[in-house]
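In what follows, a structure is listed as structure tokens, so that the remarks can point back to it.
The values are calculated or read from the model by the stated rules, or taken from the named source; none is laboratory data. Because the structure is predicted, anything quoted here is derived from the model rather than measured. Please note: Cβ atoms are built from the backbone with ideal geometry, for glycine as well, and neighbour counts cover all protein chains shown.
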Amino acid sequence: MGDLLDIRDLRTDIRGRRSVVHAVDGVSLTLGEGQILGLVGESGSGKTMTGMSIVRLLPPGGHIVGGSVVLGGQELTSLSDEAMRQVRGNEIGVVFQDPMTSLNPTMTIGNQIAESVRRHSGSSRGASRGAARERAAETLELVGMPRARERLGNYPHQLSGGMRQRVMIAMALAGEPRLLIADEPTTALDATIQEQILDLLEDLRTRLGMGILLITHDLAVISRYADQVAVMYAGRIVETGPTGPLLRRMRHRYTEALMAAVPRRDQDAGTDLYSIPGLPPDLSDPPVGCRFHPRCPNAGGDCRTADPPLVTVAPGHQHACLHPVAYRAETASSALTLTERSSDGRRSVDARAAPLVEVHDLVKEYPITAGLLQRRVGAVSAVAGVSFSIAPGETFGLVGESGCGKSTLGRALVALEKPTSGSIVFAGQDITAMPAGELRPIRRNLQLMFQDPYASLDPRMRVGAILREPLAIQRIGSRRDQDRRVDGLLDEVGLRPSAAQSYPHEFSGGQRQRIGLARALALEPKLVVADEPVSALDVSIQAQILNLMRDLRERLGLSYVIISHDLAVVRYMADRIGVMYLGKLVEIGPATDVSDHPAHPYTEALLRAVPDLESTKRVSRGNGAGPARSTVRGELPSAINPPSGCRFRTRCPRAQELCADVEPPLRPFGPHHLAACHFPLRDPLSSAADVHAAKSPGT
């Protein structure tokens, strides 16, 4: 198997008004035909700039200033702009991170894919509109789009996130490229959809013989899907090699730190996640010597002066570290230490304690109207009869796919959505039936931490004004008191008081999430609902935020509702977990029971879909090897017309006729552990004594 892509000493600069950013600084990589190369590292490490340098789609001021990029024997850096346009699409396809911002909202997906085909005039497929549209249908079928030909007339907003990503892949494949660059193709997707997209890329690689450059910050994804891995830091490759051997016997201290920061399914709740100190360096003025030394606990004096070269430690395995991880008798010597907590980090539910929040048979429907008079013609069933409770100081995890109703339920808990029926009782008061005037003072105890801090923070306000705003609205204290409170909030979330004078865009993603958490804490709430608080963050920054949230819970006595599609994060953070599917709570129980011994097939499928560093390599290239995985396939059914009986039956491998006729009730499977399934993964408790013991005060 020959090399499809050969990069040698690639250097890319981005020239600004005041400085030059050395975004890619001497990168060398090779990718074989039909291989998947994973490029990993934190945001700002140069991964995306490396991919965009290959296709020469650089931002304003960006230029390749040195090195070579050879694709199939052809040097790309010296091609004219016109010749490079022919390479893009025909020879190289690109899948971008966010399909919603990459697709044209004013064009149907059929026209967008057809346009991609017709633009490559050297191809016979662009000879006519009809041929281009036929090719669009073929590529949608190739990527597994349900009812592909019917979807040609859809606009991007009419598709789910997984479907939009399939459209992006179809556009990239329309010209039958030899190389596919996938830049964070699944970052914002649920675990089940992420698995479908990555399995699709794996299948297409096998069938079409493409090489794939998979750019991601998720080492768990790399462990399951990549043949080779290259770890990038501060514009340089610091370690590279075959995926399995490298992840089992990593040598560079940065690779070790990245792996230590990943939450694992068996993560000890009594131990903090490892967090890499500091931030990646400014690439306009990188550190002298090893670029990782300011953040490395094992750095010596030579690391501050000598620039470590790549050295070979095993066939195909190279690293650039002066004090690498040493392996003796299969044992790695590590300089990393994890902080032990005084308790195991989890809290049991006390049946005698009065709950902080009680949710009873909550229903939320959004009406669908049509016609000039806007008559109601249907409804979207977002939340359909959910009941549970949260104890003081407890963390409740809520998991499920996008569209299952998690965020709607979270917004209802903080009184931003008015339920259609049912009740939410907070500290003994029913807030669903409360007039707005009476609800206002209670709102200070109910706060929401948004998924995207950049979108939720006013870009025109300084951080100090953002944090002071809720205090002013609630008329708490004088201006001087409010300023002191702002300084205290910044200190609580690990930011300096000077941050109050800056704007949100001046901070990194992790720092903005700290500001979002500080704003949620401004009014000293009793309940914080965190909606996907770390889904878009690097693993090192994610670890910092999760550790901070746990510290604040212990110090301030907070209760959390953590909404996430990442079961590893939820298992680490939560005392109990609730699993939602299409508006229904299908399983609820202690975090360790739900994650280690699921009763519902949907919970098991979610767990199997989440890649982790211990995952066996994904199904290999056509030799029949690899583990069989029972996972969720297809798209979530429409909440406008949900399936009868069990809503999961249309995607469940265990479904039988009974599932279509009768909705399964929640039944006990252990102490405080309930699941709603006619044909569960294990037998439910049956005796009256067992049932009584298993009934949870939280449901």
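Values computed for the structure shown
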{"item": "Subset tally (residues that are surrounded by 15 or more Cβ atoms within 10 Å (Cβ to Cβ), within 21 Å of Gly26 (Cα to Cα) and touching a Ser or Thr at 6+ places or on another chain (Cβ under 8 Å)) for the range 66-98", "result": "4"}
{"item": "Selected residue (criterion: nearest to His360 (Cα to Cα)) from residues of the range 581-593 that are among the hydrophobic types (A, V, I, L, M, F, W, C) and modelled with pLDDT under 95", "result": "Leu582"}
{"item": "Qualifying residue in the range 89-103 (condition: modelled with pLDDT of 90 or more, closer than 23 Å to Leu4 by Cα and either more than 24 Å from the chain's Cα centre (by Cα) or of a type in the set (Asp, Glu) (or both))", "result": "yes"}
{"item": "Residue among Leu179, Leu201 that is surrounded by fewer than 24 Cβ atoms within 10 Å (Cβ to Cβ), modelled with pLDDT of 85 or more, of a type in the set (A, V, I, L, M, F, W, C) and touching a Gly at 6+ places or on another chain (Cβ under 7 Å)", "result": "Leu179"}
{"item": "Selection from the range 11-36 of residues that are in a loop (DSSP other than H, G, I, E, B) and either basic (Lys, Arg) or in contact with a helix residue (DSSP H, G or I) (Cβ under 7 Å, 6 or more places away or on another chain) (or both)", "result": "Arg17, Arg18, Gly34"}
{"item": "Hits in the range 660-688 (condition: farther than 28 Å from Ser389 by Cβ and surrounded by 21 or more Cβ atoms within 10 Å (Cβ to Cβ))", "result": "none"}
